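Here's the structure, in structure tokens; my notes come after.
Taken together, the values in this text are just the output of simple stated rules run on the coordinates, not laboratory data. Keep in mind it's a predicted model, so treat the numbers as computed, not measured. Cβ sites come from the backbone with ideal geometry, for glycine too, and all protein chains shown count toward neighbours.
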Amino acid sequence: MSLSNRSKQIVDELLSNPSMTSSTLEKKFNLTRRQLGYSFNKINEWLLTNNLPTIERTSQGRFIIDQEIFTNLGSEQESSQAEISVLSETHRVYLIITMLLNSAEELSLNHFTIELDVSKNTILSDLKQVQEYVSEYKLSIRYSRKFGYLLEGNEFQIRKLLINITAHMLQLNGGQHAINKLAGIEPEEIEQFREKIENVENSLNLKYTDEKVTTMPYILLLVLRRIERGYEINSFSIKYEELSNTKEYQATEELFHSSALIPVQERLFITLHLLTANVYWADYLSENDDLPNLRPAIEEMISLFENSACVYFQDRGLLLNTLLQHMKPAYYRIKYQLTESINMEEALSQKFKVLHHLVKQSTTPLKRLIGTAIPENETTYITMLIGGWMTRQGESTDQKVKAIVVCPHGVSVSRLMYKELTELFPEFVFLDSLSVREFQAYDLEYDIIFSSTYLKTEKKLFIIKALLEPREKNRLYKQVMMELQGYLPQDIDVGHLLDIIKNHADINNEQALMEDLQTYIYRDEDSAVKQSSAEKVILLNEMISPQYITQRDSVQSWEEAIQIGAEPLVKSGKIEPAYVDAVIERTGEDPYIVIGPHVAIPHAAPEDGVNEVGMSLLKLKKGLTYAGEYTIHVIIVIAAVDKQQHLHALTQLIKLNQSKKDMTKLLQADSKEQIHDQLTLYSSL
């Protein structure tokens, strides 16, 4: 991602004069309040991708600029001003392509040397770069004595090149003047098309981004000129019925109602250009009649990302609308291969690399909807939107443990290992499941490796079997926690030990004995246990005491199950009634709350009405069909106040769920006490 010329000027102005107000900037650069706001959104996005703090604006219109921005950007100010008049090779390539696309006369070598004011050898070298550039669009440069230099290839590909080069040119210092000169454009022509674009905005009830408002008049005018010169799209892969019912097609009719006869395929191309243009604001978010499946696909993508990144988005509806606003035009860009070919991934800072990787893994629903892979540029922009959202709500993957799984035994076994480990360590971010060769070339940052074979590495390595038995999982969990967080890796389950004692002795006070055994086994005499006494760990049987357990034969619906299951938490004051409604709304058809056979853990965000950390359990004798494919007998309603206090009990619950024998006992239990006994088996420090 790069800054537009206007955004650069605004940044330079603020670095030179930090006391400048919003109104002064608007007057200096002849901007509306909306245009200035849009520029600052882009500036702050750019700062985030470069790992710099954003610029804040006060209610009085003044700016708060972090010293780090001055340190990193201040030294670049003078050099950037000095480079304005210097034409780089890239700029010359853009200018030559602009001439090839828009010149009405034959172009010789002399035309290029005179226009760019460089030698013939330099132009010949530049033409090689031009050929390399246009080859990405499956185009070529041909020279003949009669016609000079010509751009040859499919007209649809030439239009893609025209759109992208025009956008690049208009971002350069003096780019607008250069296009006007090279293409023979009068300012009045652009102004007429700009008025037409405003009419289109009013007709479609949206606002295009400022960048598009600047570029679209030029693109529409230059496309119209190519049509008038006989360069028409003959073979077009877009079917008439796919676009003719859209509002954008009707807007195209209005755009060219005064023009000469324009073929249907050209009207479809202009419609497609309107559909692919980014918007700053739109009033179609609740409708999307032309793309009814886009919203569900984005909702699924968000859920996949939350699951893999171990985060829970606040204001999820607003994030959904933000992504929908971006993805509607992106849908058409991707489907018809109109995404820019430049590599935006390089604009991502190291901080966003892991985030980008997790976003890519979560775009499967979009890929399934569109029918093709999501290009890197589109994925990168989604990453920046989600990254900015996480930054605003204080979320980050930086503090989370990042793990990879390495297995040389083939894809099926590797995926099984990956699935088991993600269930065993739900608090970790698992990046990938890799073969040994893939691991050797892996370049993402990670903290630990789980592998079924020895690897030469400086990272923490845990050697495990490809398939783990329940006790081996228990041992591995303790080992990893001890290594990373200071938990004691004892291979002793206090609940099972208590069962053995009960077989050979009478016990007067079972709970007291269990506490004494725990104190002895996890004693601190060799300083192995590093747990702070100020941070008491809440165990599963403490979190779900008998008063928070409910039994029913059956329920009529998921909503009824949540209401009954959460009732003890409401009565005790741990949650507000509004939290129950939020749980029902958030988890209506969410398969990611199903943690294993028969068990689901519905929850909402702390701000939805949690007063105190808690869990409640509802056991159903007759299972409840959920999300069309799961039969749920146990529903654990979780009320979390943060991301830590409930985690130990949740991990113990997941371990219980992994034991088929103990889960069967829980499902067959006749009383609250028997259910609590099964929870107690897994309630050790």
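Key figures for this structure:
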{"item": "Backbone HN-Hα couplings from phi across region 10-18 [Karplus 6.51/-1.76/1.60, Hz, Gly and Pro as x]", "result": "5, 4, 4, 5, 5, 5, 7, 9, x"}
{"item": "Extension gain, Lys622 back to Ser16 (0.36 nm per residue minus Cα-Cα distance, nm)", "result": "211.1 nm"}
{"item": "0 to 90° range, to nearest 10: angle between helix 155-171 axis and the chain longest Cα axis", "result": "90 degrees"}
{"item": "Paramagnetic reach from Leu455 (point 7 Å along Cα→Cβ, amide N under 13 Å) across region 416-436", "result": "418, 430-436"}
{"item": "Estimated inter-spin distance, Asp516 and Thr58, nm [label 7 Å along Cα→Cβ]", "result": "6.6 nm"}
{"item": "Table column - 3J(HN,Hα) (Hz), region 247-252, Karplus curve with 6.51, -1.76, 1.60, x for Gly and Pro", "result": "5, 5, 5, 5, 5, 5"}
{"item": "Region 402-468: C-alpha gyration tensor shape, a/c 1.5 cut-off, then a/b vs b/c", "result": "rounded"}
{"item": "Two-site FRET efficiency, His177 against Val641, from Cβ-Cβ distance with R₀ of 41 Å, rounded to 0.05", "result": "0.10"}
{"item": "Efficiency of FRET between Arg194 and Thr364 - r from beta-carbon atoms, R0 45 angstrom, step 0.05", "result": "0.65"}
{"item": "Region 434-484 shape via C-alpha gyration tensor axes, a/c threshold 1.5", "result": "oblate"}
{"item": "Relative exposure of Tyr454, Tyr149, Tyr332, Tyr240, judged by other C-beta atoms within 10 Å (fewest first)", "result": "Tyr454, Tyr240, Tyr149, Tyr332"}
{"item": "Pairs from Lys328/Lys402; Lys138/Lys335; Lys619/Lys655 whose Cα-Cα separation, in the structure shown, is over 26 Å", "result": "Lys328/Lys402"}
{"item": "Inter-label distance for Ser572 and Glu427, nm, one decimal - labels placed 7 Å from Cα along Cα-to-Cβ", "result": "2.1 nm"}
{"item": "The chain: angle of helix 33-49 to the longest principal axis, Cα-based, in degrees nearest 10", "result": "60 degrees"}
{"item": "Estimated FRET transfer efficiency when R0 is 56 angstrom, pair Met482-Ser557 (beta carbons, to 0.05)", "result": "0.80"}
{"item": "The chain, helix-only ellipticity at 222 nm - DSSP H runs n ≥ 4, -39,500 (n - 2.57), divided by all residues, nearest 500", "result": "-16500 deg cm²/dmol"}
{"item": "Two-site label geometry, Asn293 and Glu607: point separation in nm, points 7 Å out along Cα→Cβ", "result": "3.4 nm"}
{"item": "Segment Ser23-Gln250, length gained on full extension (0.36 nm per residue, minus Cα span)", "result": "77.9 nm"}
{"item": "Order of Glu458, Glu186 under a 10 Å beta carbon neighbour criterion, fewest first", "result": "Glu458, Glu186"}
{"item": "Whether the chain is rounded, prolate or oblate, judged on the alpha carbon gyration tensor where a/c under 1.5 counts as rounded", "result": "prolate"}
{"item": "For Cys310, Cys407, order by how many other beta-carbon atoms lie within 10 Å, fewest first", "result": "Cys310, Cys407"}
